[in-house]
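Here's the structure, in structure tokens; my notes come after.
The values are calculated or read from the model by the stated rules, or taken from the named source; none is laboratory data. Because the structure is a prediction, the values reported are computed rather than measured. So basically every Cβ, Gly included, is an ideal-geometry build from the backbone, and we count neighbours across all protein chains shown. For the accessible areas, the whole protein counts, side chains as well, though only heavy atoms, and no ligand, DNA or RNA atoms are used. Shrake-Rupley method; radii C 1.70, N 1.55, O 1.52, S 1.80 Å.
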Amino acid sequence: MAGVVGGNDFQWCFSQVKGAIDEDVAEADIISTVEFNHSGEFLATGDKGGRVVIFQHEQECKNRPHLRGEYNVYSTFQSHEPEFDYLKSLEIEEKINKIRWLPQQNSAHFLLSTNDKTIKLWKISERDKRAEGYNLKDEDGRLRDPFRITSLRVPVLMPMDLMVEASSRRVFANAHTYHINSISVNSDHQTYISADDLRINLWHLEITDRSFNIVDIKPANMEELTEVITAAECQPNQCNVFVYSSSKGTIRLCDMRAAALCDRHTKFFEEPEDPSSRSFFSEIISSISDVKFSHSGRYMMTRDYLSVKVWDLNMENRPVETYQVHEYLRSKLCSLYENDCIFDKFECCWNGSDSAIMTGSYNNFFRMFDRNTRKDITLEASRESSKPHGTLKPRKVSTGGKRKKDEISVDSLDFNKKILHTAWHPKENVIAVAATNNLYIFQDKIN
Amino acid sequence: MAGADGDDSLYPIAVLIDELRNEDVQLRLNSIKKLSTIALALGVERTRTELLPFLTDTIYDEDEVLLALAEQLGNFTMLVGGPEYVHCLLPPLESLATVEETVVRDKAVESLRKISQEHSPVDLEVHFEPLVKRLASGDWFTSRTSACGLFSVCYPRVSSTVKAEIRQHFRTLCSDDTPMVRRAAASKLGEFAKVLELDYVKSDIISLFTALASDEQDSVRLLAVEACVSIATLLPQEDLETLVMPTLRQAAEDKSWRVRYMVADKFSELQKAVGPEITKNDLVPAFQNLLKDCEAEVRSAAAKKVKEFCENLPEDSRETIIMTHILPCVKELVSDTSQHVKSALASVIMGLSTILGKDNTVEHLLPLFLAQLKDECPEVRLNIISNLDCVNEVIGIRQLSQSLLPAIVELAEDAKWRVRLAIIEYMPLLAGQLGVEFFDEKLNTLCMAWLIDHVYAIREAATCNLMKLVEKFGAEWAQNTIVPKVLGMANDPNYLHRMTTLFCINALSEACGQDITTKHMLPVVLKMSNDQVANVRFNVAKSLQKIGPVLDSNALQTEVKPVLEKLATDTDMDVKYFAQEAIRVLALA
């Protein structure tokens, strides 16, 4: 797969857009997480209104061979409701912070969804048969005379239209004092971790009444707090390894074999700071907003405000690759601080073969980097450029001096249009990009 | 009115059948639990052709309904027409064995195992074994995990060709891609080994065991430790060293603390399975390492096994091994950094004294007991005190009494009421072992102080404690030491303390006997019937009801009856009620 970020032989093209077109966007409709399942057949999104929408990939249709199958709504359900914690006088938002699919275990599909406090396990299953025939009622629902029952009828199963049901299977509650930022399913298929600002808990997927606290960075005195956990993930192949990133730009790798409590890390990844570029914002922009293992488990990628870094797990002192996402914003940090954008938490993702990475930016731009060719590309998720099967034109932001044709100046970027959540199909070149309340699906052009 | 050709006998069954699909889970559950009634009414033919096909596809239901269904089907053989037709039950159980909920799957497997016994050898090969194969090669891991539990029930009853296939299936599942299946296989390895011929145990099982014990997932490796116990018991002693021990040694030094924990947790079973020689050469050093493990969870698990391990050591070298190898590690654990480790040790350490005898106990163990009695963690002290009886038998408790007393006093005054409660519960035991003199001198005041504790649970336990002490030391002792103090509280300004007097009298009257009750307690109770607090007055009524049977009829008629009659006209509703209740129970009306 050469050059997935674009080139002569490869182009991204528009496939679908989901969500309303209206200019006024309801807060509840803003997409807060996007996640493909392990086969790529399903795509789940969560929103600020606590809903989860699942799309299913339809098989290719024969009369339009140039088109890959589309993703259509499979199931929609309300995962979380707003709550109020009366003891602490706190509102608990229904916003879905993360969705994680479980490895498939039978014909049904399972996923974990979480808001700030409570993690839920959902089962999404199909039903295509319905039982028919009652003893006490006739076909029209009229009651029969109990004395006129001369024979017993056993219900018979008849085929019916396919029905998809989402049912809540487990609720993992009351284990997080702070806001949950990550959940990650372990490769042992029986446990998962959940991380909040200060603690990481280990759960058994079948046990809801207890979890084990494996990391606790809460200082005895909260005034001494200098660092919070920003993301955590389990290694995809080794069940004993997980990492967590911090607001100081560091990543700790822990080995659960060593001890029951993982307060002491096994590896500590940190890039020494360049003293020449130090400023008031250094610490804020170095905070890691997302950490993701490559599918192979050899590398991990971290996203901070201005860059994406790829680390080799065997080298702790610096990343093996660093990609600038929107370096042109470095001169704008002051205003980004004032409008709070500097605290935006951008996520990042790998493609299926770990050869390319994708992350979001402002103005509905998102960026892709090819790790082999070192090429990068900026694309835009917008209604204007979304003609059916139209190819996406690369975008450029002018970085000072004269603005060339087709370039956008930094000052005209729209900072309210941000792409925080993206997902890459685990096997194919299909990507899902959440732009506010719209979900864009792009794919490689089939010639 | 029933119609001419009508009959309502089918009605209840009709309701049950319809409720199999009711919206209310409780009603569905109820119907499933009465599935045998439905089947009986339908008869074997319709049960086989209509009911079972319907149930086979009803796997969308709530877990509790599916669980009940899986259980019912295990007892359904007669309802489908006896062993000849038992295979009709396989389809519904097969679909239940693939659901995602472990409890349901396990129950389905349990029922399948049960009905496998009702299959004739021919049916077993024609119907049951194909089902096991289908499950074992199913697409989803839920079905493959269920298959793991079924091999051992069919293996002994099938032909040798089928046996070979079963072994092959089991081998495949042991190296399944998903850890779930490997875990299921590992947990059934021991059970499967038991039904296999010894040659196959050596050729097949050992290699599977070795592979699972070095699986990349710790959750699989730790299950191999359990299998190790069953496999070791099956093999002749001379093969253990080459076939099992390398793996066991490796597990005891595993990188993952969870695997080492499992070894520590199963240590006694392992010890019995491998026998005395290997224990001496291998397990003793392994046990020492576990007691010194860097993970507190592992040390706790090992500490809990100290007594059992020492007890099961071969007699000829037991004392030497304990003194030279185990005791030094135990000494270190006494000052461990983790209180869980210390308290695990404290719960068994006293047991060593019976094994080591008087001299060693005095010289080596006593200092450890004393150190633990002074431990900062109350649980450690409590665990020592609760096991005093072991030491008492060997050296007598007097040796300890000097240190015991401060420890008891401190626990008795602990800020946590649960700790105080725990020590109260050991008071009768301590009193018995320390003797009445020591008790009067040192502990009596504590026991009385608990009666006015500000936590009700403590006051209640203290009352109960007094009763047990009286049972131990006798009525005369009670009259001299306890009763005066208890009765004195009847004049306390705090009504809660006055009520405690009543509660004590309730508890003590029987143990003290008629004489003391009539002469000393009754007058106080009667006097309290004039108390200004209604709660005290109705407790007087309750007390009178309680102590009534101990009194003679004269006292009842002349003293108790008038007081109760007066209370029965009390202005307070509750007082009235309990007074009437007492009159009724004592038959004074």
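Consider A:L162 against the criteria (1) part of a strand (DSSP E or B); (2) farther than 22 Å from A:N181 by Cα; (3) among the hydrophobic types (A, V, I, L, M, F, W, C); (4) within 12 Å of chain B (Cβ to nearest Cβ): it satisfies all of them except one. Which criterion is unmet?
Answer for A:L162: the failing condition is (4).
Determine the pairs where a residue that is within 17 Å of A:K117 (Cα to Cα), located within region A:198-227, has a partner that is open to solvent by 60 Å² or more (accessible area, probe 1.4 Å) and not hydrophobic (A, V, I, L, M, F, W, C) with Cβ atoms under 6 Å apart, the partner being 6 or more residues away or on another chain.
Between residues of region A:198-227 that are within 17 Å of A:K117 (Cα to Cα) and residues that are open to solvent by 60 Å² or more (accessible area, probe 1.4 Å) and not hydrophobic (A, V, I, L, M, F, W, C), the close pairs are A:L198/A:K218.
In the set B:L51, B:L93, B:L42, which member is more than 10 Å from chain A (Cβ to nearest Cβ) and either assigned to a helix (DSSP H, G or I) or closer than 26 Å to A:E132 by Cβ (or both)?
Details: B:L51 fails: more than 10 Å from chain A (Cβ to nearest Cβ); B:L42 fails: more than 10 Å from chain A (Cβ to nearest Cβ).
Exactly one of B:L51, B:L93, B:L42 is more than 10 Å from chain A (Cβ to nearest Cβ) and either assigned to a helix (DSSP H, G or I) or closer than 26 Å to A:E132 by Cβ (or both), namely B:L93.
Could you identify the single residue in A:V241, A:V320 that is surrounded by fewer than 17 Cβ atoms within 10 Å (Cβ to Cβ), β-branched (V, I, T) and either within 14 Å of chain B (Cβ to nearest Cβ) or more than 18 Å from A:S187 (Cβ to Cβ) (or both)? Spell out how you get there, then give the answer.
On the way: A:V241 fails: surrounded by fewer than 17 Cβ atoms within 10 Å (Cβ to Cβ).
None of the others qualify; the one that does is A:V320.
Look at A:H326 and say whether it is away from chain B (no Cβ under 14 Å) and open to solvent by less than 40 Å² (accessible area, probe 1.4 Å).
Judged against the criteria, A:H326 is a match.
Report yes if some residue within region B:284-293 is within 14 Å of chain A (Cβ to nearest Cβ), touching a Phe, Trp or Tyr at 6+ places or on another chain (Cβ under 9 Å) and of a type in the set (D, E); otherwise report no. Lay out the reasoning, then the answer.
Filtering region B:284-293 down to residues within 14 Å of chain A (Cβ to nearest Cβ) leaves B:293.
Among the residues that remain, those that are also touching a Phe, Trp or Tyr at 6+ places or on another chain (Cβ under 9 Å) are: B:293.
Okay, now just the ones that are also of a type in the set (D, E), so B:293.
Yes.
May I ask you to list the residues in region B:135-146 that are within 14 Å of chain A (Cβ to nearest Cβ) and assigned to a helix (DSSP H, G or I)?
Correct list: B:L135, B:F141, B:T142, B:S143, B:R144, B:T145, B:S146.
Of the conditions (1) surrounded by 15 or more Cβ atoms within 10 Å (Cβ to Cβ); (2) farther than 20 Å from B:G488 by Cα, B:A511 fails just one. Which one is it?
(2)
So, in region B:151-177, exactly how many residues are closer than 26 Å to A:T191 by Cα and crowded, with 19+ Cβ neighbours inside 10 Å?
Initial filter on region B:151-177 (closer than 26 Å to A:T191 by Cα): B:170-177.
Imposing the further condition that a residue be crowded, with 19+ Cβ neighbours inside 10 Å reduces the set to B:170, B:173-174.
Of the residues in that region, 3 qualify.
Only one of these conditions is not met by B:R258: (1) over 24 Å from B:K194 (Cβ atoms); (2) within 29 Å of the chain's Cα centre (by Cα); (3) surrounded by fewer than 21 Cβ atoms within 10 Å (Cβ to Cβ); (4) more than 14 Å from every other protein chain (Cβ to nearest Cβ). Which number is it?
(4)
For region A:177-197: of the residues being farther than 18 Å from A:K345 by Cβ and in contact (Cβ under 8 Å) with a residue 60 or more places away in the chain, which is nearest to the other protein chains (Cβ to nearest Cβ)? Break it down stepwise before answering.
Within region A:177-197, the first condition is being farther than 18 Å from A:K345 by Cβ, and the residues that meet it are A:177, A:185-193.
From what's left, in contact (Cβ under 8 Å) with a residue 60 or more places away in the chain: A:185, A:189, A:192.
On the way: A:V185: 12, A:H189: 5, A:Y192: 13 Å.
In this case the residue turns out to be A:H189.
Just name the residue that is nearest to A:E227 (Cα to Cα) out of those in region A:265-285 that are in contact (Cβ under 8 Å) with a residue 40 or more places away in the chain and open to solvent by less than 70 Å² (accessible area, probe 1.4 Å).
A:I284
Being closer than 23 Å to B:V540 by Cα, assigned to a helix (DSSP H, G or I), in contact (Cβ under 8 Å) with a residue 24 or more places away in the chain and not basic (K, R) narrows it down to one of B:L502, B:L443, so name that one.
Step by step, each of B:L502, B:L443 is checked, and only B:L502 is closer than 23 Å to B:V540 by Cα, assigned to a helix (DSSP H, G or I), in contact (Cβ under 8 Å) with a residue 24 or more places away in the chain and not basic (K, R).
With respect to A:S125, is the statement that it is under 22 Å from B:E101 (Cα atoms), facing chain B (nearest Cβ under 10 Å) and open to solvent by less than 30 Å² (accessible area, probe 1.4 Å) true?
Details: under 22 Å from B:E101 (Cα atoms): yes; facing chain B (nearest Cβ under 10 Å): yes; open to solvent by less than 30 Å² (accessible area, probe 1.4 Å): yes.
Judged against the criteria, A:S125 is a match.
Of all residues being small (G, A, S) and buried (at least 18 other Cβ atoms within 10 Å of the Cβ) in region B:19-40, which is farthest from B:S9 (Cα to Cα)? Just the residue, please.
Selected residue: B:S31.
Kindly provide the set of residues from region A:391-424 that are in a loop (DSSP other than H, G, I, E, B), open to solvent by less than 30 Å² (accessible area, probe 1.4 Å) and either modelled with pLDDT under 90 or at positive phi (or both), ordered by number.
Here is the first cut: in region A:391-424, the ones in a loop (DSSP other than H, G, I, E, B) are A:392-395, A:399-406, A:413-417, A:419-420.
From what is left, the residues that are open to solvent by less than 30 Å² (accessible area, probe 1.4 Å) are A:392, A:413, A:419.
The answer is A:L392, and nothing else.
Condition check: among the hydroxyl-bearing types (S, T, Y), surrounded by fewer than 17 Cβ atoms within 10 Å (Cβ to Cβ) and either at positive phi or modelled with pLDDT of 90 or more (or both). Does A:S151 satisfy that?
So A:S151 does not fit the description; no.
One line per residue, one yes/no per condition, for (1) closer than 19 Å to B:S509 by Cα; (2) modelled with pLDDT under 90:
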site: B:N535; (1), (2): no, no
site: B:D552; (1), (2): yes, yes
site: B:L564; (1), (2): yes, no
site: B:D570; (1), (2): no, no
site: B:R584; (1), (2): no, no
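Hey, among the residues in region B:58-82 that are touching a residue at least 40 places away in the same chain (Cβ under 8 Å) and of a type outside the set (A, V, I, L, M, F, W, C), which one's nearest to the other protein chains (Cβ to nearest Cβ)?
B:D63
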